[in-house]
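Reviewing the structure listed below.
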Amino acid sequence: MARLVVMGGGVSGHTAATFAKKWLGDEHEVVVVTPNSQWNWIPSNIWVGVGQMTKEDVVFPLAPVYEKAGIDYRQAKAVSIHPEGKTDSDTPYITIEYTGQGKEGQTEEITYDYLINATGPKLNFDATPGLGDGKGQLGEHTVSVCTADHAMHANLELQKIFEKAKTQKQKILVGTGHGMCTCQGAAFEYIFNIEHEAKKAGVRDNLEIKWISNESFLGDFGMGGLHMKVGGYVVSSKLFAESLFAERDVPWLIGAHVTKVEAGKIEYELLDGSTGEEEFDFAMLIPPFAGVGLKAYDKNGEDMTDKIFAPNGFMKVDADYTAKPYEEWKASDWPRTYQNPDYKNMFACGIAFAPPHLISKPMKSPNGTPINPTPPRTGMPAGIIGKAVAHSICDMIKEGENAHLHEASMAEMGAACVASAGKGAFDGTAAAMTVYPVVPDFEKYPGTGRDTDYTFGEIGLAGHWIKHILHHMFIYKAKLKPGWTLIPE
Amino acid sequence: MVQVLKQYPDESINVNAGPVRNFTGSYEQMLEDIIDTMKAHNLDSLSAIEIGYAYQLMVIREHNKYIPYANPRVITQKNPFDSTEKTSYFHNIPIMVKRYQTLSIVYDDRKGNMQTKQINDPEEAATFLRTLDYLFNTTLIDRIPPHQREQAIKALAGKGHMPDTSDAFCPPESKKVYFVSVADKLLFFMFISLLLPLFSISKSTLEGWYTFDKIAFPIVIILMIGFFFYAQYEAKKYKQCSSCQVGNNIGVMVKRVVAASAFAIGAYLFVNPN
């Protein structure tokens, strides 16, 4: 019997663990280690953040699902990896620290035959002074929609602002809280849902709503932009986004790196080197992502974290990490199998793998501050990669360690995204976008690096319905209800 | 080498241009082609996509020098104004769009080094923004408000005039239509009430409808008075809007007042059960 340990129970880890268990059956063991007791459909957190959904609508308990699937569930956080075992044993293992199941604070070693690192990101609030509390958590001056609890808190604060806006002017600031953030889409959805709800609440006239982002142009979405179909016309995402912001009277700041957050005020630096301040009564700023801080040790207990992980804390896989200038970046630099180059029984998927470089053009302010979106690896790509990694490991377990590995390169993978711009059965709006490939391939598609026939978006009520359907469909799938394997990632 | 300039309705320029990543070899050739084409056609600016290169490169003639801007971005823009512009793509037909006078931009220079620049001249800013638009799959037509785009496309086909898109023209959604909409609904039900005596309807039901007629009639009159004054306010705000002209407003008002009066008289004669 082989044991597969999956660190992390988010989109990628949950997908990998559940498919691996289905394919391996009871002959082999699948263990999931995640500090969370609940699974969260993160794309719907923005609706929790405006009071249009409850926390219960976007989460469900993991324990009964894993019990039904026959997966060994440990509510714990992974602390360290020991791929060579220890002095008296060659069996690799990880150390974990429980966060639930009545064992809070207890540590344990779990041996493995195969390991998947799907820990997701650390929400690195402390990267921007004042955005965090100095202990790695969300600070007191802003809110976040990155977790269901954050979103609930955001909604409570937002409702206070709406209440105040009945009698006085209020200012709302939404966007990215650092020059190296990803996930602009979540902030994009949140600002337009706030605007939509403010209109419904009759307080829009007393609200000044402003966007701040590290994108170098509106509509970049961290992907370099795309086409949009709007009202029968094909326009660029830049024009589409500019029109959307202008029509809703939402001014914007782009190319911005937030340098400091204080009570009611942020300081920022722009790509042109200028600096400025922006005041707010309510601010939702997405933090940058980093690795969760896992350590790695060799057989003798010597720290080899640098060997396993990139400096940003994400795990090295089969990518080409050679430092090279922008003009030499290639699609083939990106990983295909997500297998660690040194330890063939270790894989990483979702946000946890280290990308070889950015997707967007690297940009710096004249002061040397890097300001550009970092590569998105959430949602659909995370699920696809998780499934491919599970497939590879299952084949290695069944056919031997030289089994053919399954591939899911982001440079050969398309992705779809639905961004809500307001919730409502008849007045909702969302932009549905597809991109192919996620990572531009400038050799295959000279110029844009993408197949323009498959890289486009469309906005409308139908998009909102699709987002709502996806909400129910993916939670259904994650609960492993009948037919769950038929639903794509 | 001078290249063929793409002109409307050639839609092959409708792609997002990719970033310039290499500043040697084919880049030099592309830049040379753009400048040669500008000289041959005496152009002040040209984007690579206008001669078939899907790259984020544009050249602007400044004091008889041809300055390349690769991967340009507008970081801040202030002071909007209405700009009447002509481009070779649209056969030099003037089109009015909204631009910004004060720009802060970043771009890569001829050697690929990132530079910043401030622009505070309306003509220079409009030229920069217009040329930049092409790099992001945007033409002058796309900058026209959606409700006027059809008219602009017809004008480009030689059918009619180019719409005027400045702020002084018709609003996309006039609020005066709300007055008309409510009045029309009331008039519809007043008309329906006139048909009721043709059927065997009880006296109490007819009394109810007659009461409705007695209330609806003055409301329609009040709505039309409100419409007229609000329309006058909009007519001052949007001076050259044809549907805002006082003759149109009087016509809209008189038609409904006459109809309401006729329906009210009819109701008194035929619906009134007493």
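Whole percent per 5 Å bin, from 0 to the bin with the longest distance: what is P(r) over all C-alpha pairs of region B:176-271?
2, 14, 24, 18, 14, 10, 8, 5, 3, 2, 0
What are the GluC sites (Glu not before Pro) within region A:395-440 that DSSP puts in a loop, where the Cβ has at most 12 other Cβ atoms within 10 Å? Intermediate results must be reported in sequence, preceding the final value.
On the way: sites: A:Glu399, A:Glu401, A:Glu407, A:Glu412; in loops: A:Glu401, A:Glu407, A:Glu412.
Here the GluC sites (Glu not before Pro) that fit, given the DSSP loop and packing criteria, are A:Glu401.
Specify, per residue and in Å³, the volume enclosed by the convex hull of the alpha carbon atoms belonging to region B:111-162.
127
For region B:11-156, I need the span (max minus min coordinate) of the C-alpha atoms along each principal axis, in Å, sorted largest to smallest.
44, 31, 27
Longest exposed-loop-site-free stretch of chain A, with trypsin sites (Lys or Arg not before Pro), DSSP loop and at most 11 other Cβ within 10 Å?
Working: sites that count: A:Lys135, A:Lys166, A:Lys169.
Longest site-free region, per DSSP loop and neighbour criteria: A:170-489.
On a C-alpha basis, how far is the centre of region A:283-357 from the centre of region B:12-67 in Å? Whole number, if you could?
What the calculation gives is 38 Å, centre to centre.
Two decimals, Cα atoms only, Kirkwood Rh: what is Rg/Rh over chain B? Present the calculation step by step, with values, prior to reporting the outcome.
Working: Rg = 29.1 Å, Rh = 23.0 Å.
Expressed as Rg/Rh, it is 1.26.
By the gyration tensor of its Cα atoms, with a ≥ b ≥ c the square roots of the eigenvalues, what is the shape of region A:162-245: rounded for a/c under 1.5, prolate for a/b over b/c, or oblate? Spell out each step's value before the answer.
On the way: a/c = 2.99, a/b = 1.54, b/c = 1.94.
It is oblate, given that a/c is not under 1.5 and a/b is not larger than b/c.
Could you work out the local net charge near A:Val438, counting Lys and Arg as +1, Asp and Glu as -1, over the other residues with Cβ closer than 15 Å to its Cβ?
Net charge in that neighbourhood comes out at -2.
Considering every Cα-Cα pair within region A:355-448, what fraction, in whole percent, is farther apart than 24 Å?
46
Given H placed on each backbone N at 1.01 Å, which residues far from A:Lys364 in sequence or on other chains put an amide H within less than 5 Å of it?
Sorted by chain and number, the residues that satisfy this are A:Ile371.
Suppose each label sits 7 Å from its Cα in the direction of the beta carbon; what would the B:Ile225-A:Lys260 distance come out to in nanometres?
The answer from the label model is 6.1 nm.
Can you show me the helix-derived [θ] at 222 nm for chain A, built from DSSP H runs with n ≥ 4 at -39,500 (n - 2.57) apiece and divided by the number of residues, rounded to the nearest 500.
-7500 deg cm²/dmol
Helix hunt in chain A: which complete DSSP H runs extend at least 27 Å axially by C-alpha with mean Kyte-Doolittle at least 1.0?
Span-like helices here: none at all.
What GluC sites (Glu not before Pro) does region A:102-210 have in DSSP loop regions with at most 15 other beta carbons within 10 Å?
Working: sites: A:Glu104, A:Glu108, A:Glu109, A:Glu140, A:Glu157, A:Glu163, A:Glu189, A:Glu195, A:Glu197, A:Glu208; in loops: A:Glu104, A:Glu140.
Within region A:102-210, the qualifying GluC sites (Glu not before Pro) (loop, at most 15 other Cβ atoms within 10 Å) are A:Glu104, A:Glu140.
What is the percent of Cα-Cα separations in region A:1-116 that go past 19 Å?
51
If a/c stays under 1.5 just call it rounded; otherwise compare a/b with b/c (prolate if a/b is bigger, oblate if not). Do that for region B:9-96, with a ≥ b ≥ c from the square roots of the Cα gyration tensor eigenvalues.
Note, shape of region B:9-96 comes out rounded.
Got a sec to turn the phi values of region B:138-143 into Karplus ³J(HN,Hα) couplings, 6.51 cos²θ - 1.76 cosθ + 1.60 with θ = phi - 60°, whole Hz, x for Gly and Pro?
The phi angles translate into 9, 10, 4, 4, 5, 7 Hz.
Report, as an integer, the average count of C-beta atoms from other chains found within 10 Å of each Cβ along B:110-123.
2
For a quick check of your reading of the filter: which GluC sites (Glu not before Pro) in region A:226-304 sit in a DSSP loop and have no more than 11 other Cβ atoms within 10 Å?
Answer in residue order: A:Glu302.
Per-residue mean of other chain beta-carbon atoms within 10 angstrom of the beta-carbon, peptide B:47-56?
Taking the mean over all residues of the peptide, I get 2.
Give me the log10 of I(q) over I(0) for chain A at q = 0.06 Å⁻¹, as the Debye formula computes it from C-alpha points; what are the numbers?
Those come out to -0.26, one per q.
Assuming R0 = 35 Å, can you tell me the calculated FRET efficiency for the pair B:Lys159 and A:Thr434, based on Cβ-Cβ distance, to the nearest 0.05?
Using R0 = 35 Å, I get an efficiency of 0.45.
State the antiparallel share, in %, of DSSP beta bridges confined to chain B, rounding to the nearest 5.
On the way: 29 of 30 bridges.
In chain B, approximately 95 percent of DSSP beta bridges are antiparallel ones.
Please state, as a whole number in µm²/s, the translational diffusion coefficient that the Stokes-Einstein equation yields for region A:88-247 at 25 °C and 0.890 mPa s, with Rh defined as the Kirkwood radius across alpha carbon pairs.
Taking Rh from Cα pairs, D becomes 128 µm²/s.
List the residues, sorted by chain then number, that are 5 or more residues from B:Met96 or on another chain and whose placed amide H is less than 5 Å from its amide H.
Amide H to amide H, under 5 Å and 5 or more residues apart or across chains, B:Met96 pairs with B:Glu85, B:Thr165.
Along each principal axis of its Cα atoms, how long is region A:292-424 end to end? Whole angstroms, biggest number first, please.
Principal-axis extents of the Cα atoms in region A:292-424, largest first: 48, 43, 32 Å.
With n ≥ 4 as the cut-off for DSSP H runs, can you work out [θ] at 222 nm for chain B, using -39500 (n - 2.57) per run divided by the number of residues, rounded to the nearest 500?
When only DSSP H runs of four or more count, the value is -15000 deg cm²/dmol.
Just checking the output field for B:134-141: average partner chain Cβ neighbours within 10 Å of each residue's Cβ?
Numbers: counts 0, 3, 10, 13, 6, 2, 0, 1.
Across B:134-141, the average partner-chain Cβ count within 10 Å equals 4.
Output the relative contact order of region A:268-350, whole-number percent, from Cα pairs under 8 angstrom with separation of 6+ residues.
Once divided by the residue count of region A:268-350, the mean separation gives 19 percent.
Read-outs throughout are calculated quantities, based only on the coordinates presented, and are distinct from any laboratory measurement. Here the structure is a predicted model, which is why all the values come from computation and not from measurement. Reconstructed Cβ throughout: ideal geometry from the backbone, glycine too, with neighbour counts over all protein chains shown.
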